[in-house]
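The values are calculated or read from the model by the stated rules, or taken from the named source; none is laboratory data. In this text the structure is predicted, and so the values were computed from the model without any measurement. Backbone-built Cβ (ideal geometry, glycine too); neighbour counts: all protein chains shown.
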Amino acid sequence: AALIVVRLIDRRFARPVSELTAQIARIGAGDYRLPQAQPQAGEFGERLGVALTNMTQAIAAREYSIREMVLHDPVTHLPNRVAFLQEIGPHLKVERAAVIVVGLAHAQEIANTVNRDVADRVLRNVAVRLGRVLGDPPPLACLGDRTFAMFLGNVGELRARSIASRIVTHFEAPY
């Protein structure tokens, strides 16, 4: 009878705990994929499996949110300087490339005169307009409060100047 109890305990507790321990190790390594099947060894295993699944999903969501905050400008939601440099890094070996930097001359004055919300709307609008003027935009980033950058891979100086000129012409027109 004692042998049966030990086997029952092994099936109902040890196996689910062992499976969950393996899942926890994966989570610790940054692998948030959910297992194909949850341990099904009675109520104990099921409860632990559900709790672990919920915890895994919450951790993955928080990690995604943190990564987004670290790599994106909070106002424009464009990649920030860090993300921009990571994105263009592999392309810097391209023989012909250009980076166009667009600075907004009066953004700080707008923020000081009207308010920060209006200045933020202007920045978001500039991001949208830059995307429109470029058509299929190259990597575009917001490098700071009033500076945008775009990477043009595999272009010569004349093409880069032409694109820069189009941007200036587009922003000279009132909107």
- [ ] Look through Leu134, Leu158, Leu140 and report the one residue that is over 14 Å from Asp73 (Cα atoms) and touching a residue at least 24 places away in the same chain (Cβ under 8 Å).
- [x] Leu134
Open item on the list: Considering only residues that are modelled with pLDDT under 80 and in a loop (DSSP other than H, G, I, E, B), which ones fall in segment 31-56?
Closed with: Tyr32, Arg33, Leu34, Pro35, Gln36, Ala37, Gln38, Pro39, Gln40, Ala41
